Amino acid sequence: MPVLHQMQMSGNCYKVRLAARQLGLPVTLKEYPLLGGETRRPEFLARNPNGRVPLMEWEDGRLLPESDAILWYLSEGTYLQPADHWARAQALSWMFFEQYSHEPYVAVARYWLAYAPKEELEKKRHMVGEWHARGNAALSVMETHLQLHDWFAGNAYSVADIALYGYTHCAREGGFDLDAYPAVSRWLSRVREQPRHIPLSENW
């Protein structure tokens with residue numbers, strides 16, 4: 001059975017758990033503490049030199065880091081990856097957007113404001129305004145798209161939605177006002193209504 005090296009509170013790890021659950025793929029979870037520094041130790045760095053989770057490890061020794069790469073691999077040939085060539089390109093476009101324009105601000109604000117030690121937060125306090133400005137810019141891009149479309153790639157729920165849902169649904173923890181984005185809020189409800197959905201707090 002594949003092993004998912006993960007942190008429970010991580011939206012990036014949650015994306016992989018959610019996709020695996022919805023696809024009916026059994027996965028063993030290997031938990032790492034948020035502040036324990038275990039992903040920076042030699043034994044973990046031998047698996048992923050970038051020192052981050054999620055990391056998927058298969059029985060044959062193959063290792064795949066990066067949440068959206070894992071999502072793409074798991075979804076290959078399933079209903080979560082669009083069958084249409086153009087829709088697949090759209091899915092990838094939104095997944096790149098999530099990692100470049102969304103996650104670095106929405107997820108980072110969430111970590112520092114909700115999970116980081118308070119004394120460490122004070123060292124970053126001057127950056128909160130930029131995180132919020134850029135995170136709200138990303139949410140506005142999503143809002144514009146969702147005013148005209150139910151989903152992010154083609155006409156159905158896909159890995160693109162999972163990728164963006166991971167940190168959007170808990171963005172309030174980072175100080176973002178999701179009530180300002182009604183189309184995003186309706187989309188969040190649609191995602192929660194998908195079969196075999198699990199919340200971030202649930203392991204399996």
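Worth pointing out:
Let's see how each residue does on (1) in contact with a Gly (Cβ under 6 Å, 6 or more places away or on another chain); (2) crowded, with 18+ Cβ neighbours inside 10 Å:
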site: Thr28; (1), (2): no, no
site: Glu31; (1), (2): no, no
site: Trp72; (1), (2): no, yes
site: Pro82; (1), (2): yes, yes
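- Scanning region 159-187 for residues that are of a type outside the set (Ser, Thr, Tyr), assigned to a helix (DSSP H, G or I), open to solvent by 10 Å² or more (accessible area, probe 1.4 Å) and within 18 Å of Lys15 (Cα to Cα) gives Arg172, Glu173.
Conditions (1) in a helix (DSSP H, G or I); (2) not aliphatic (A, V, I, L, M), marked per residue:
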position: Gln81; (1), (2): no, yes
position: Leu92; (1), (2): yes, no
position: Phe96; (1), (2): yes, yes
position: Gln99; (1), (2): yes, yes
position: Glu103; (1), (2): yes, yes
position: Ala107; (1), (2): yes, no
position: Leu113; (1), (2): yes, no
position: Glu120; (1), (2): yes, yes
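- Residue match in region 140-148 (condition: over 22 Å from Arg192 (Cα atoms) and either among the aliphatic types (A, V, I, L, M) or loosely packed, with under 13 Cβ neighbours inside 10 Å (or both)): no
- Inclusion of Ser189 among residues that are of a type in the set (Ser, Thr, Tyr), within 25 Å of Val16 (Cβ to Cβ), free of Cβ contacts under 8 Å to residues at least 12 places away in the same chain and out of contact with any helix residue (DSSP H, G or I) (no Cβ under 7 Å at 6 or more places or on another chain) is warranted.
- Residue among Arg47, Arg52 that alone is within 16 Å of Ala107 (Cβ to Cβ), part of a loop (DSSP other than H, G, I, E, B) and modelled with pLDDT of 95 or more: Arg52
- Pick from region 91-115, criterion under 16 Å from Ser10 (Cβ atoms) and of a type in the set (A, V, I, L, M), ranking: surrounded by the fewest Cβ atoms within 10 Å (Cβ to Cβ): Ala114
The values are calculated or read from the model by the stated rules, or taken from the named source; none is laboratory data. What you see is a predicted model; the values in this text were computed from it and never measured. Neighbour counts are summed over all protein chains in view; Cβ atoms, including those assigned to glycine, are modelled from backbone coordinates with ideal geometry. Surface accessibility is based on the protein's heavy atoms, side chains included, excluding ligands, DNA and RNA. Shrake-Rupley method; radii C 1.70, N 1.55, O 1.52, S 1.80 Å.
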